[in-house]
């Protein structure tokens with residue numbers, strides 16, 4: 001019985017402070033459906049869940065005049081180097097497809113959320 005209580009306490013303690021463990025890193029890629037335009041953010045520390053980040057990117061681009069935006073942000077990872085490598089691969093992939101790449105200076109705005 002004591003072991004069960006200790007595990008329950010440990011689980012609650014870990015859930016109560018998930019953001020304090022370490023920074024988690026991601027980036028976002030967005031495209032306008034029906035066009036060759038692709039936006040890629042720099043790698044940034046993620047304080048939000050993926051769905052919220054994707055909605056934030058979509059809303060940011062929509063406010064800038066882009067239409068029919070689909071945004072994707074990989075699951076944040078602990079290793080910043082791994083996130084940077086994934087971002088570089090995303091850029092290379094979209095270049096090979098002939099997409100027009102745009103830097104999206106949204107990392108600062110997104111990481112604050």
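Of the residues 19, 71, the single one that is touching a helix residue (DSSP H, G or I) at 6+ places or on another chain (Cβ under 7 Å) and either assigned to a strand (DSSP E or B) or modelled with pLDDT under 90 (or both) is 71. For segment 35-58, the criterion of a residue being exposed (fewer than 12 other Cβ atoms within 10 Å of the Cβ), at pLDDT below 95 and assigned to a helix (DSSP H, G or I) is satisfied by at least one position. The residue list 29, 57 contains one member that is touching a helix residue (DSSP H, G or I) at 6+ places or on another chain (Cβ under 6 Å) and closer than 14 Å to residue 103 by Cβ, which is 29.
The values are calculated or read from the model by the stated rules, or taken from the named source; none is laboratory data. Given the structure is predicted, the values throughout are model-derived calculations rather than measurements. All Cβ positions, even for glycine, are placed from backbone atoms using ideal geometry, and neighbour counts span all protein chains on display.
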